[in-house]
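Below: the structure, in structure tokens.
The values are calculated or read from the model by the stated rules, or taken from the named source; none is laboratory data. These figures come from a predicted structure and were not determined experimentally. A quick note on method: Cβ atoms are made from the backbone with ideal geometry, for glycine too, and the neighbour counts reach across all protein chains shown. In case anyone asks, the SASA skips ligands and DNA or RNA and just uses the protein heavy atoms, side chains included. Shrake-Rupley method; radii C 1.70, N 1.55, O 1.52, S 1.80 Å.
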Amino acid sequence: MSSTSTTIQSKAASANAVPKVRIYGVPISKMSMDQTVAYLTNVIEQRQPHQVITANPIMVMAAQEDPAYLSMMQRAELIVPDGTGVVWAANYVGEPVVERVPGYDLIHELMKVGESKSWKVYLLGASNEVIQAAAEKLRTTYPRIKLVGVRDGYFKDEQDAEVIQDIVDAAPDILLVGRSAANQEPWIGKYKQQISVPVMMGVGGSFDVLSGKLKRAPVLFQKLRLEWFYRLVQEPWRYKRMLLLPKFALKVMRDKEKVTKP
């Protein structure tokens, strides 16, 4: 682990200590993957509830249209630059992040650390078939991780209290939530004080990849920053959401001097 990572880990785990760049009001962490893992390790050890958002351009654009969504993102304790477009935008406006921090990779990096610490993990989201397959993959890959809860994401609003109580009773160190893009982060934001888990992270379609339902983009696609295209080929119904990517890029280029303004 780098000396910078050690420094970040040694500090009190505080959202205020994280170097950030604001992109249209959304505070994006500038930390590297190693620094992020060190920071979240400290968060877990200090039992400090953190909502972790893995941000992409689609989410940033959604925040521009919905003040409540923007407010929720601004209240999150940590937002990492998951999307390639977010990394590009930060660099374009002269406030570069160290590197992209993909949510899928962050899950695995946390599991590696968690193996030596016997962290407890709760999986919430996707269909029952997918979440059970994802759980089995984690059990096989990280046998010393304790899976204390596995539940699909198809529950109604009136079941929220039941789900929250189950999480509280399980007392995990990490809660991974994979639900629809529209309610995943807002759901965590709404209930994070009640849930009070050190790391509460929305993971999008990561459960689909973990379960084997979808394939992760090959390394070449990742290096060429074309993971979004690879996923679009697998899920063509996503094309409407993907149209926001060029709109985001054009908006950033047009607003270059204003992107980081409050």
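So if I check each of A63, A90, A76, which one is under 12 Å from the mean Cα position of the chain (by Cα) and more than 16 Å from V37 (Cα to Cα)?
When all the criteria are applied, what remains is A76.
Give the residues of segment 97-126 that are of a type in the set (G, A, S) and open to solvent by 40 Å² or more (accessible area, probe 1.4 Å), sorted by residue number.
The answer is S116, S118.
Would you check if Q132 is within 19 Å of G205 (Cβ to Cβ), part of a helix (DSSP H, G or I) and open to solvent by 20 Å² or more (accessible area, probe 1.4 Å)?
Against the criterion (within 19 Å of G205 (Cβ to Cβ), part of a helix (DSSP H, G or I) and open to solvent by 20 Å² or more (accessible area, probe 1.4 Å)), Q132 qualifies.
Pairs under 8 Å by beta carbon, first residue closer than 21 Å to A17 by Cβ in segment 70-89, partner part of a helix (DSSP H, G or I) and open to solvent by 10 Å² or more (accessible area, probe 1.4 Å), six or more apart or different chains?
Between residues of segment 70-89 that are closer than 21 Å to A17 by Cβ and residues that are part of a helix (DSSP H, G or I) and open to solvent by 10 Å² or more (accessible area, probe 1.4 Å), the close pairs are M73/M59; R75/G189; A76/G189; E77/A15; L78/A15; P81/V87.
Among what's in segment 87-104 and is part of a helix (DSSP H, G or I) and touching a helix residue (DSSP H, G or I) at 6+ places or on another chain (Cβ under 7 Å), pick the residue that is nearest to F248 (Cα to Cα).
A89
Among the helices (runs of 4 or more DSSP H) contained in segment 1-86, which hold 2 or more residues that are modelled with pLDDT under 95?
Result: 3-10, 57-65.
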